[in-house]
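Read-outs throughout are calculated quantities, based only on the coordinates presented, and are distinct from any laboratory measurement. Because the structure is a prediction, the values reported are computed rather than measured. Don't worry about glycine lacking a Cβ; one is built from the backbone with ideal geometry, like all the others, and counts go over all protein chains shown.
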Amino acid sequence: MAEFVMPQLGADMSAGKLLRWRKKVGDRVQRGDVIADVETDKADIEVEVFSTGVIEKLLVHPGEKVPVGTILAIIQEEGKPAGAGVPPVTQLAPAITAHVAPTAPMRPSVGVAEAARVCISPAARKLAADLGIDPASVAGTGPGGRITLEDVKQAAKAGAPQPTPEAAPDRQIRMRQAIAAAMARSKREIPHYYLSTTIDMSPAMAWLTQENLKRSVEDRLVYGVLLLKAVALALRQVPELNSKWTGGKVVASPGIHVGVAISLRGGGLVAPALHHTDRQSLDGLMKDFRDLVQRARSGSLRSSELSDPTITVTSLGEQGVETVFGIIYSPQVALVGFGKMVERPWLAGNQVVSRHLITATLSGDHRVTDGHRGGLFLTAVERLLQEPEKL
Amino acid sequence: MTKDELRGTVLRVLGQIAPEADLSQLKPDRRIRDQLDVDSMDLLNFVIGLHKELQVEIPEADYPRLSTLNSCTEYLASLLSLA
C-alpha cells in the first residue's frame with residue numbers, strides 16, 4: 001500500500017485545505033493522475049498521485065485543512081500485498097482525527113494549521129461531508145467544543161455555509177504571510193552571495209526577430225525562453241547550483257527543472273517548474289511556458305510543478321528594473337535574475353556600437369558554491385546567448 | 001465591422017488577458033501595459049487573441065502600435081481597411 005499525503009508545494013507551505021476529491025474509493029489511479037484539489041496560501045493546486053493502484057481509503061474530507069505530510073488516502077498498489085509498506089489503516093484513523101502529520105513534522109510557520117484544527121466526531125464528520133458542510137463553520141457543543149452529530153444537523157437546518165473559495169483579500173493576506181515566512185527563513189539560514197554580469201543580447205535578439213518573422217503568431221517565441229534555456233544548459237556545466245541543501249548537506253537534483261517566478265494579478269507570485277528545461281526545444285519550452293503562465297494566473301497549477309523546481313529564474317525587466325538581487329527559495333541553492341533590456345553604447349573590437357544589453361545576476365548559497373563557480377555559471381549563460389541558434 | 005465594434009472586440013480580447021480588470025475604466029490614450037500590468041506573455045496572448053478574432057497577422061515590429069486602446073483600434077482598422 002502507498003500513502004497519498006498532503007504534499008509540500010514549496011518551502012512556504014505548512015498546511016493545505018482539501019477542496020475536493022476527483023476520485024472515489026475503488027477507483028483505479030495511475031502515477032501522474034490528478035486525484036485531488038488542494039487550497040494553499042498561494043493558489044488552488046491540482047494534486048497528482050505518485051503511485052499506481054486502487055484507492056482503498058479516503059481519510060480526509062473536503063473542507064479540512066491539514067498539515068503537510070498528513071495521509072490523505074491509502075492506495076493499494078498493483079503487485080503489492082495489502083498492508084505492505086504502511087501501518088494498518090485502523091492505526092491511521094486517530095492520527096487523522098488529531099491532524100498530526102505522521103511522517104513529516106509540521107513547520108511552525110504561519111500558524112494556519114493550528115487555527116484550522118476542527119474537533120469533530122467521526123460520525124459528525126461524515127455527515128458534514130455528506131451534507132456539504134464545512135466543519136470549520138460549525139459551532140461544537142460537545143466536550144471541549146467537540147462538534148457532535150446534532151451540531152451538524154442543526155447547522156444544516158440553519159443553512160451553514162459550504163466550503164467556498166476564499167475571498168481574494170484573505171488569500172492575498174495569507175499569500176503575503178507565506179512569502180514572508182519563506183523569505184525570512186531563507187535570509188536567516190542561507191548565506192547569500194551575489195554576482196552580476198552584463199550580457200550582450202544583440203545576437204539573440206537579431207536571431208529572434210528573424211526567427212519570429214518565419215513563424216505564425218501562435219508559434220512566436222519571447223526572449224525569456226532563450227534566457228531560460230541558456231540558464232538550464234549552463235547548469236549542466238555547473239551542476240552544483242542545481243541542487244538542494246537538506247539535512248545539513250548538499251543533495252544533487254536528478255533533473256534540471258527551472259522554476260519561473262510568475263507574478264499573479266492582484267499581487268504575490270508563484271515559481272512553478274518547467275520540467276526538464278535543458279532537454280526541451282525552444283518550441284516546446286515556449287509552449288510549456290505559455291501554458292504555465294496561463295495556469296498560474298488562473299489557479300490551476302499541478303502539485304509537481306510546485307514541488308519540483310531545482311533553481312528559480314526571475315525577470316523583473318518588464319517592471320523597469322535593471323538589476324535583480326533575489327532571495328533563494330529554500331531548499332534550492334541558487335536564484336538567477338534578469339533585468340530589463342537596455343540599448344547602450346558597447347565596445348566591440350575597436351568600435352563603439354549600440355547594443356541590447358541585459359544584466360544577469362546570480363544569488364548563490366555560499367554553503368554549496370563559491371563565487372568562482374558562480375562566475376563560471378554566469379559566463380556560461382553569457383556564452384550560450386551569443387549563439388542562440390544552438391539553444 | 002464598424003470601429004465601435006472593432007473597439008468592442010479589442011476590449012473583449014483584453015478581458016481574456018486581464019479578467020480581473022474593470023475595462024470601463026481604461027483610459028483610451030494611456031498605455032494599456034501601464035493600466036493593466038500586462039507583460040510580454042500577455043502581449044503575445046493579446047496578439048494571438050486578435051489574430052483569432054479578426055484573422056489579422058500583426059508583425060512584431062508593429063507591437064508598439066498596440067500600446068493604447070485608441071492606437072490599437074486605429075491600427076487594426078487600417079489592417080482591416082475600415083473607414
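Each of A:342, A:327, A:310 was placed along the dipole of segment A:271-356 (beta-carbon charges, centred on the mean Cα), and the one lying farthest toward the positive end is A:342. Neighbour counting of Cβ atoms within 10 Å sorts the residues A:13, A:175, fewest neighbours leading, into A:175, A:13. In whole angstrom, how far apart do the alpha carbon centroids of segment A:230-270 and segment A:1-80 sit? Each part reduced to its Cα centre gives a spacing of 25 Å.
Partner lysines whose Cα lies under 30 Å from the Cα of residue A:153, excluding those fewer than 8 positions away in the same chain, are identified as A:17, A:23, A:24, A:57, A:65, A:126.
Among beta bridges identified by DSSP and lying wholly in segment A:281-391, the antiparallel ones come to about 75 percent. Placing dummy labels 7 Å off each Cα toward the beta-carbon, the span from residue B:29 to residue A:346 is 3.7 nm.
Bridges between two residues of segment A:223-330, per DSSP, are antiparallel at a rate of about 75%.
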